[in-house]
Amino acid sequence: MAALAVVLLAGCKKDKPTLNVSDSEVTGTWRKNGTNEFWCYRGDHTGCKYNTDEGFSEEFPSYTYEWSVSEDQLRHVTYEQGVPITRTYTITAISSSSMEREEEVGTYNLTKI
């Protein structure tokens with residue numbers, strides 16, 4: 001009976017609700033917490049990444065991308081030798097001043113500057 005209860009309770013686990021993130025929530029410049037790495041999201045859906053420790057800036061970024069958001073999925077499209085490469089991130093939390101973003105290698109917190 002106890003084993004059956006554990007199986008039933010595990011099957012009732014609620015999925016985390018999907019966020020419905022808007023373009024305006026993402027638009028702006030975000031700093032990855034604890035670093036000098038910045039992510040820009042412009043209103044025209046272009047963006048850039050730069051790290052000031054490496055000598056880059058918004059005017060001279062390490063790379064640029066086109067971005068879009070749908071529900072909780074944030075997509076970056078970059079082009080390498082004319083070939084589009086899409087990276088998808090999951091936004092797990094967002095407010096007017098902070099964003100939590102899951103990537104393949106981990107979850108990162110960003111602060112809007």
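Miscellaneous remarks
- The equivalent ellipsoid of the chain has semi-axes of 34, 16, 14 Å, largest first, where each one is the square root of 5 times an eigenvalue of the Cα gyration tensor.
- With the charge dipole of segment 16-112 set up from +1 on Lys and Arg Cβ and -1 on Asp and Glu Cβ about the Cα centre, the Cα lying farthest toward the positive end among the listed residues SER70, GLY28, SER98 is that of SER98.
- Only helices enter the 222 nm calculation for the chain: every DSSP H run of n ≥ 4 contributes -39,500 (n - 2.57), and dividing by all residues gives -3000 deg cm²/dmol, rounded to 500.
Each reported figure results from applying straightforward, stated rules to the coordinates on display, with no laboratory input. Keep in mind the model is a prediction, meaning the values are calculated, not measured. Here Cβ is always computed from backbone atoms with ideal geometry, including for glycine, and neighbour counts include all displayed protein chains.
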